[in-house]
Amino acid sequence: MTKEEFLKLDDAGKLSFLNSEAATKDFAQISAEIGMTKAELGKIGFYYVGNKFLLKPMKGYGTTERSGNEYKDRFK
Amino acid sequence: MEKEWKKQQPDGTITVRTCGWSPPGDHPVGCGMKLHIKDGKLVKVEGDPEHPISQGRLCVRCLTLPEYVHHPQRIIYPMKRVGKRGEDKWQRISWDEAMDIICDKIRHYTDNYGAESIIVFGGTGREACLYYYPLAFSSIGTPNCCYPLSGWSCYGPRCSITDYILGAGYPEIDFAGYYPDRYDNPNYKLPEYIVIWGKNPLMSNPDGFYGHSIIDMMKRGTKIICVDPRIHWLGTRAEHVLQLRPGTDTALALGLLNVIINEDLYDHEFVEKWTYGFEELKERVQEYPPEKVAEITWVPKEQIIEVARIIGTAKPCPIQWGLAVDENPNGVQLGHAILALIAITGNLDVPGGITIGPPAALMGKWRMETRSQLPDELWAKRIGAEEWPALSTAMATTHPDETLDTLETGKPYKLRMGWFNSTNFISATCSAQPDRWYRALQSLEFNVVQDTFMTPTAMAFADIFLPLPTFAEHDGVVLTHFGRNAIFMGAMNKAFEVGECKSDIEVCIELGKRLHPEHWPWDTAEEFFNDQLKPEFGFDFNDLREKGVFQPPYEYKKYEKGLLRFDGEPGFNTVTGMVELCSTLFEAWGEDPLPYYQEPHYSPYSTPELFKEYPFILTTGARAFTSFHSEHRQVPSLREITPDPIVEINPEAAEKLGIKDGDWVYLENMFGKCKQKVKLTKTINPKVVHASHGWWYPEKPAEEPSLFGVWESNINTLIPHKHIGKLGFGAPFKCLICKVYKAED
Ligand code: SF4
């Protein structure tokens, strides 16, 4: 999957893709495949811990995207 | 509360009800008060007995507000510098001229060097914390907004740790602040014990927590445990004071966890259902048996065990954490361990325990959202964001220590313009090694300072000075914990005007309309507040004025009800959906996922040779009733109460040095020295000294090199830059070493 294709997926899609890849590949291979570094993945909330990927629900301020913890997002 | 908030009295005096939330003038808690205005002047301030939180009580800062607002040295018109930097030569200008000059400069730097060459510096704990982010991101258009305190060592670490471990807003002890009938509300339960850890809430009244509530609860039967190197007023009335060696707090927290877990005093149901990593934590705390912890912390083993048993069995027993968590390079681990203590003893989000704000902060999050008005490429240039992913995920600022490096080296790019938003950080407030900042800041080509008085920082660096109103001279909304745990909201009402001062939001709007009008649809502060309030609460600013105070309803055990997670499922808003006793994020960031103790960089044990030369442990930063950090030094009544910077020394230690009460002494270490006046007190360990921060002397010469005597008593010159934790947080303000000797000059 290209970086562009990966970024088009929603969070659940991204997570499930990353973890299906993680079943057979290591982090370096997955990172090379989608062309994204550990830091870039962290910025959009994905972290690689103990051979699997996890998603931080409150993504924070790594990017200019809304972080997910805005009031209106929570109570929409 | 009564609907009428402004009243004309028979003698012509006007009385305005307000909530005092923020410097300038007071201090960030939101106390209710009545301001009496006669002939346009503030003549008297009194407490408002109808205010549900402060109930008529005020401290001396607000009571002396008339001296502050009408002080002859206050600056109440915009000014431009007409001499060299450091010379006290100024010319009054109009707001229009000031804005023209500023906008020309911003356009010049943005066009020629990129908006990132401009940096906004903000101060601590005030309403402006809501506005200096949008000032940077939305009015100016720079990604660089900086809180310059090394390791972001105030409040930010606690908020960030809570984000990582609980996925929630700020954890505050339940003082029934959500209820109009307070402690009598049937949903509320009085804490059996409260543990006050590295905090003196009576003096600090932090971020919306009204410190006197502790006394209200004590009167009803709550008992107190203090964890502090100093025995303060509350400590003298506490059941226990764990008087630990400064900087060893994490060892103590791990020792308490050891006893609670090994004696099976924890809440099994909570641990099983709602925590992640309990077995790993259990294994880790075996490394911290009480005997070992007693040796590290100097707290007797028996007392550690006794207090652990109380925390494990008292219901409820909230722990209130303070700056001890922030001002310590091992503080992230301390915060993690304290949250673990709160969680496994079943004190999280229960009546009388620890309340947690929703992950989605009220109103206040608008300030961070404004970053989305910047392009991603520009946001990526935020100083220190790449190097410190943990900090830059949780905080929308630059990394403070990297910012100083950037100023010194010009790397990765040169900073050219500074905007100092009411921060006086070359005095001993929010910077470590302020002498180094002072030299580094010389490289800025153009600076704007907003403040109420000429400060050392303004005298050294301002090219344009913009006058700020006190909280009594502008409209605003009290937002406790900046919306991260909005216990109550209050209307801050403009009661009178002094000169031509403009508030933070007014300046944001005015500047924004000139530079980025697309982001600033509001013409007045009131329009802005209406737009923030109405969609969330259904009322506007005028309604809030009439309510006086609004207490949003509170739900306990939100984790059971799907009120914390965005997907509406039960659990916490963390990576694992649980309270992370073992942190997945820490591991991802290369940090130990479990809390651990790390000896301070400089101590009797880590640097025994240095300790022979500098044989005291130095701690600093405790608050006083008579100032807010570096503010209020020129207010006569307050200065009469606290005329000098005080260093507390145990009489036994002082005697060996031939030092008497009231002597002036030098405090000196490898990084710097300063002079303070001795107060002998048995409330501090003979091997420890506590020095005051925030001192400068408005009565001393203003011009360079004196800068109001800013270097004389500047304790932060003894605190080194970049001695911070692995995730980028925590500087050693509470755990350094120094020597003390009599000042003969
Ligand atoms: S704690 Fe004191 S200074 Fe702060 S708002 Fe209340 S009365 Fe004013």
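The values are calculated or read from the model by the stated rules, or taken from the named source; none is laboratory data. A quick note: this is a predicted structure, and the numbers were derived from the prediction, not measured. Ideal geometry is used to build each Cβ from the backbone, glycine not excepted, and the neighbour counts take in all protein chains shown. To get the accessible areas, we keep the full protein, side chains included, count just its heavy atoms, and leave off ligands, DNA and RNA. Shrake-Rupley method; radii C 1.70, N 1.55, O 1.52, S 1.80 Å.
Rolling a 1.4 Å probe over the protein heavy atoms of chain B, with every protein chain left in place, gives an accessible area that is 50 percent carbon and sulfur. The residues of the protein assembly as shown expose on average 33 square angstrom of accessible surface per residue, using a 1.4 Å probe on protein heavy atoms.
Straight-line reach from B:Lys673: taking Cα to Cα under 24 Å and skipping same-chain neighbours fewer than 8 places apart, the lysines in range are B:Lys612, B:Lys656, B:Lys660, B:Lys687, B:Lys700, B:Lys722, B:Lys734, B:Lys739, B:Lys742. List the trypsin sites (Lys or Arg not before Pro) within segment B:510-574 that DSSP assigns to loop and that have no more than 16 neighbouring Cβ atoms inside 10 Å. The qualifying sites are B:Lys557, B:Lys561. Contact with the other protein chains removes 20 Å² or more of accessible area, compared with the isolated chain and a 1.4 Å probe, from these residues of segment B:369-398: B:Glu369, B:Arg371, B:Ser372, B:Asp376, B:Trp379, B:Glu386, B:Thr393. Three principal axis extents describe the C-alpha atoms of segment A:3-74; from largest down they are 39, 22, 19 Å.
If one takes the accessible area of chain B alone plus chain A alone and subtracts that of the pair, with a 1.4 Å probe, what total in Å², rounded to the nearest 100, results? The partial results should precede the final answer.
On the way: alone 24840 and 5400 Å², together 27460 Å².
Answer for the B-A pair: about 2800 Å² buried.
Based on Cα contacts under 8 Å between residues 6+ apart, chain B shows a relative contact order of 20 percent. Divide the volume of the convex hull around the Cα atoms of segment B:608-742 by the residue count and you get 129 Å³ per residue.
For the pairs A:Lys25/A:Lys59; B:Lys682/B:Lys726; A:Lys8/B:Lys558; B:Lys315/B:Lys558, note any where the Cα-Cα span goes beyond 29 Å. Can you show the working numbers first?
Details: A:Lys25/A:Lys59 25 Å; B:Lys682/B:Lys726 36 Å; A:Lys8/B:Lys558 33 Å; B:Lys315/B:Lys558 19 Å.
Too far apart for the 29 Å limit: B:Lys682/B:Lys726; A:Lys8/B:Lys558.
Roughly what % of DSSP beta bridges within segment B:608-742 run antiparallel, to the nearest 5? Antiparallel bridges: around 65 percent, rounded to the nearest 5.
Only beta bridges with both residues in the protein assembly as shown are counted; by DSSP, about 55 percent of them are antiparallel. Note on segment B:40-82 and segment B:378-457: Cα centroid distance 30 Å, given to the nearest whole angstrom.
Look at where the Cα atoms of segment B:235-251 and of segment B:146-219 average out, and the two centres are 18 Å apart.
Between B:Lys3 and A:Leu9, how high is the FRET efficiency from 1/(1 + (r/R0)^6) when r is the Cβ-Cβ distance and R₀ = 41 Å? Nearest 0.05. Approximately 0.15, to the nearest 0.05. One quarter of the surface of the convex hull around the alpha-carbon atoms of segment B:561-606 equals 4.6 nm², the direction-averaged projected area.
Would you kindly calculate the mean projected area, averaged across all directions, of the convex hull enclosing the Cα atoms of segment B:1-152, in square nanometres?
Values: hull surface 51.7 nm².
If you wrap the Cα atoms of segment B:1-152 in a convex hull and average its projections, you get 12.9 nm².
Each of B:Asp376 and B:Lys80 was given a label point 7 Å from its Cα along the Cα-to-Cβ line. The distance between the two points is 4.1 nm.
For segment A:3-74, what's the relative contact order in percent, using C-alpha pairs closer than 8 Å and at least 6 residues apart? Write out the running numbers ahead of the final one.
On the way: 62 pairs, mean separation 16.6, N = 72.
Once divided by the residue count of segment A:3-74, the mean separation gives 23 percent.
On average, how much area does the Cα convex hull of segment B:671-745 cover when viewed from any direction, in nm²?
If you wrap the Cα atoms of segment B:671-745 in a convex hull and average its projections, you get 6.9 nm².
The Cα-based radius of gyration of chain B, divided by its Kirkwood radius, gives an Rg/Rh of 0.94. For the protein assembly as shown, the spread of Cα positions along the three principal axes, ordered from largest to smallest, is 70, 70, 57 Å.
Counting protein heavy atoms only, segment A:3-74 has 53 percent of its accessible area on carbon and sulfur, 1.4 angstrom probe.
Would you calculate a helix-derived [θ] at 222 nm for the protein assembly as shown, using -39,500 (n - 2.57) for each DSSP H run of n ≥ 4 and dividing by the full residue count, to the nearest 500?
On the way: 32 runs with 250 residues, N = 821.
Taken over the protein assembly as shown, the calculation gives -8000 deg cm²/dmol.
The contact residues of segment B:573-597, meaning those that lose at least 50 Å² of 1.4 Å-probe accessible area when all protein chains sit together rather than their chain alone, are B:Val575, B:Ala588. By the Stokes-Einstein formula, at 1.306 mPa s and 10 °C, segment B:68-202 with its Kirkwood radius over alpha-carbon pairs has D equal to 80 µm²/s. Taking the chain by itself as reference, segment B:327-358 contains these residues with an accessible-area loss of 10 Å² or more in the full protein complex (1.4 Å probe, heavy atoms): B:Pro358. Beyond 27 Å, how much of the Cα-Cα pair distribution for segment B:126-279 remains, as a whole percent? So the pairs more than 27 Å apart make up 40 percent of the total in segment B:126-279.
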